[in-house]
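Comments concern the structure below.
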Amino acid sequence: MTETWDDVNEQVKGDWKDDTTPFERVYEIIEQTHDGQSAAEIADRALVSEPTARRHCKSLVNTGFAETEPDGQTTLYRRNSDRILMSRIRELREETNRTELLEGIKEMK
């Protein structure tokens, strides 16, 4: 029997749901979200109910991981735009020393 892509996708979704918590799935979706998405869209992608998605999104906003923007009567959620910058700063701090950073800045100037 030949599996279709739909069958494979459903299996992957099932495995993801079995191996993660609802919070982890919402977190992963927010982490990938550059443009705002409603709680309903996030719920659909994260395989959770809309109230569950909204609750976890609010928690992520409270921790600074996510941010909101109004869209009419809907609230859109997305990854905090400063998160990428702060992650890169942490990586640079771990990968280079102060002297290397200062030399790099001098070269850019």
- Message: What is the distance in Å between the Cα centroid of region 13-28 and that of region 75-109?
- Response: 29
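I'd like the carbon and sulfur percentage of the solvent accessible area for the chain, probe radius 1.4 Å, heavy atoms only, ligands and nucleic acids excluded.
That share works out to 49 percent.
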- Item | Under 18 Å from the Cα of K17 - aspartates and glutamates, other chains or at least 8 residues apart | D6, D7, E28, E31, E41, D44, E50
- Query: Against the longest alpha carbon principal axis of the chain, how many degrees, from 0 to 90 and to the nearest 10, is the axis of helix 98-108 turned?
  - Reply: 90
- Dipole magnitude (debye, nearest 20) for the chain, charges at Cβ of Lys, Arg, Asp, Glu: 700
- Query: Cα extents of region 1-77 along the three principal axes, largest first, in whole Å?
  - Reply: 48, 24, 21
- Can you give me the relative contact order of region 31-109 as a percent, contacts being Cα pairs under 8 Å and 6 or more apart? 28
- Could you calculate the FRET efficiency of V12 with L92 from 1/(1 + (r/R0)^6), where r is the beta carbon distance between them and R0 is 41 Å, rounded to 0.05? 0.75
- Query: Among the lysines, which fall within straight-line cross-link reach of K13, defined as a Cα-Cα distance under 25 Å, with same-chain neighbours fewer than 8 residues apart omitted?
  - Reply: K58
- Kindly report the accessible area of the chain per residue (heavy atoms of protein chains, probe 1.4 Å, no ligands, DNA or RNA), in Å². 75
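The values are calculated or read from the model by the stated rules, or taken from the named source; none is laboratory data. Quick caveat, the model's predicted, so the values are computed rather than measured. Positions of Cβ are generated from backbone atoms using ideal geometry, with glycine treated the same way; all protein chains shown enter the neighbour counts. Protein only, heavy atoms only, side chains kept; ligands, DNA and RNA dropped before computing areas. Shrake-Rupley method; radii C 1.70, N 1.55, O 1.52, S 1.80 Å.
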